[in-house]
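For reference, the structure is listed below as structure tokens.
The numbers here are math on the coordinates, done by the rules we state, and not lab data. Please read all numbers here as calculations on a predicted model, not as lab measurements. Don't worry about glycine lacking a Cβ; one is built from the backbone with ideal geometry, like all the others, and counts go over all protein chains shown.
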Amino acid sequence: MDRYLTLFCKTEIASAHYLTGVPATHKCSTTHGHLWKIEVRLDCLVQDLSKDGMIVDFGELKGCIRKLDHNVLNDFVENPTCENLCIYLAEKIGALLPKAVTLSSIKIEESPGNSVQLGVEF
Ligand SMILES: [Zn+2]
């Protein structure tokens, strides 16, 4: 039976956004901020763990996400809904990972009780 390691990394960013896919009368069409809570899950088979003994460096992973902190998300993502932000971060984080590591999920909570998760089959 194959054993695998799972890395969970939670971080927060305080960033502004406005949605361009909603009518001008929608409350999210104007610039406003959230404390976004982001959780990433990575999986790696034990036998494929790199020589440094890490799935990925936590600092490097958080650094990738924290580039968005105290910024306007529209400068990075077109129409930055939670969904589009998940897709954007999946691409950015995916580029950091060794081939043997799977980005299994990214969950983004925009406000308490409101979140979106992007999942990948593992
Ligand atoms: Zn919002």
| How many lysine pairs are close in the chain, with Cα atoms under 20 Å apart and the two 8 or more places apart or on different chains? | 16
| task | Specify which residue in the list S104, F58, Y4 is farthest towards the positive end of the charge dipole of the chain, using unit charges on the beta carbon of Lys, Arg (+1) and Asp, Glu (-1), about the Cα centre. | result | F58
| Cα-based helix-to-principal-axis angle, 82-94 vs the chain, degrees rounded to 10 | 30
| note | Computed about the Cα centre, the charge dipole of the chain from +1 Lys/Arg and -1 Asp/Glu charges at the Cβ has a magnitude in debye, to the nearest 20, of 160
| Taking only DSSP H segments of four or more residues, each worth -39500 (n - 2.57), what value at 222 nm results for the chain once the sum is divided by all its residues, to the nearest 500 deg cm²/dmol? | -5500 deg cm²/dmol
| task | Could you give me the radius of gyration and the Dmax of the stretch 4-119, taking only the C-alpha atoms into account and expressing both in angstrom? | result | 15.3, 54
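For the stretch 54-118, what is the charge dipole size about the Cα centre, in debye to the nearest 20, if Lys and Arg each add +1 at the Cβ and Asp and Glu each add -1 at the Cβ?
Values: 6 positive and 9 negative charges, 49 e Å.
The calculated dipole for the stretch 54-118 is roughly 240 debye.
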